[in-house]
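To keep things clear, I will list the structure first and then write my remarks on it.
Values in this text are rule-based calculations from the coordinates and carry no lab data. This structure is a prediction, so every number in the text was calculated from the model and none was measured. Positions of Cβ are backbone-derived with ideal geometry, glycine not excepted, and every protein chain shown enters the neighbour counts.
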Amino acid sequence: MGYSGHKHQKGLKELTIADNHGFVIAPLIVRPVNEHDTILLREGVDGLADFASLIGLDLQDSYMTLGSGFDSVYNKWLIRSHDMIPVIKPNRRGTKDEQKLEQMYADFNEPIYQQRFKIERTFAWQDTYRKLVIRYEKLEATHTGFKYLAYSMINLRAVFGGNSL
């Protein structure tokens, strides 16, 4: 576990990559909260590419939507290097110049980004599992195992009925 001095919290953060149906499709990346998200994204995208090649999934020209916290030239390059299209909400960073704002939003695909709620729904489903909301386990491996179990149960909902996606 790590300690984030900025947010005054101790714990772990995760990066989970899911498709538009809410299926978790990449290995779960868990790191201490004091590590930057860019490190998690690099591992997550590489893990997604490895998993996709393992099962024969073609990622070419597929969209990867991310929040404005991931808005950087490096992250866009990283996603494009795996033949995917980045859809990252621009981070205004206090910009008030209209020309700069237009340039930021020039290649931003708003209709695709609005489908992000499907991904957020997966994370909300994760919060229905009490063992994940309140962490009772001391070992990280046990907690990660319960996350994998929860994501497996979420993925199986569509296959065997239950809540429709």
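Would you mind counting up the charge near residue 39? Only other residues with Cβ under 15 Å from its Cβ, with Lys and Arg at +1 and Asp and Glu at -1. Can you show the working numbers first?
Working: positive: 13, 31, 42; negative: 14, 35, 37, 43, 46.
The answer is -2.
Looking at the square roots a ≥ b ≥ c of the eigenvalues of the Cα gyration tensor of the stretch 2-114, which shape do they give, rounded for a/c under 1.5, prolate if a/b is larger than b/c, or oblate? Could the numbers behind the result be given before it?
Details: a/c = 2.15, a/b = 1.08, b/c = 1.99.
Cα axes put the stretch 2-114 in the oblate bin.
How large is the helix-only mean residue ellipticity at 222 nm for the chain, computed as the sum of -39500 (n - 2.57) over DSSP H runs with n ≥ 4, divided by its residue count, in deg cm²/dmol to the nearest 500? Don't skip to the answer; put the middle values down first.
Details: 7 runs with 74 residues, N = 165.
Helix-only estimate at 222 nm: -13500 deg cm²/dmol.
Where Lys and Arg each count +1 and Asp and Glu each count -1, what net charge lies around residue 137 among other residues with Cβ under 11 Å from its Cβ?
On the way: positive: 131, 135, 138, 147; negative: 140.
Charge balance near residue 137 sits at +3.
Picking from 86, 21, 49, whose Cα lies most toward the positive end of the charge dipole for the chain (charges on Cβ: Lys, Arg +1; Asp, Glu -1)?
21
Highest GNM mean-square fluctuation, the chain, Cα pairs closer than 10 Å: which of 85, 154, 112?
Looking only at 85, 154, 112, the biggest GNM fluctuation is shown by 112.
Using amide H atoms built 1.01 Å from N in the peptide plane, name the residues 5+ places from residue 85, or on other chains, whose amide H lies under 5 Å from its own.
61, 62, 63, 64
With a cap of 11 neighbouring Cβ atoms within 10 Å, and only residues DSSP puts in a loop, list the chymotrypsin sites (Phe, Trp or Tyr not before Pro) found in the stretch 104-165. It would help to have the intermediate numbers written out before the result.
Working: sites: 105, 108, 113, 117, 123, 125, 129, 136, 146, 148, 151, 160; in loops: 105, 108, 129, 136.
Passing sites in the stretch 104-165 are 136.
Taking Cα pairs under 8 Å and at least six residues apart, what relative contact order does the chain come out at, in percent? Write out the running numbers ahead of the final one.
Values: 196 pairs, mean separation 31.5, N = 165.
Relative contact order here is 19 percent.
Can you tell which of 126, 103, 115 shows the greatest fluctuation in a Gaussian network model of the chain with Cα springs below 10 Å?
103
Show me the GluC sites (Glu not before Pro) within the stretch 13-113 that DSSP assigns to loop and that have at most 15 other Cβ atoms within 10 Å of their Cβ.
Details: sites: 14, 35, 43, 98, 102; in loops: 35.
Within the stretch 13-113, the qualifying GluC sites (Glu not before Pro) (loop, at most 15 other Cβ atoms within 10 Å) are 35.
Exposed loop trypsin sites (Lys or Arg not before Pro) only (DSSP loop, at most 15 other Cβ atoms within 10 Å): please give the longest stretch of the chain free of them, not including the sites.
Numbers: sites that count: 7, 92, 93, 96, 135, 138.
That gives 8-91 as the longest site-free run.
Can you find, among 95, 134, 105, the residue sitting farthest towards the positive end of the charge dipole of the stretch 7-143, where Lys and Arg contribute +1 and Asp and Glu -1 at Cβ?
134
Can you compute the charge dipole magnitude of the chain about its Cα centre, using +1 on each Lys and Arg Cβ and -1 on each Asp and Glu Cβ, nothing else charged? Give it in debye, rounded to the nearest 20. Don't jump to the answer; show the numbers that get you there.
Details: 21 positive and 20 negative charges, 163 e Å.
Roughly 780 debye for the chain.
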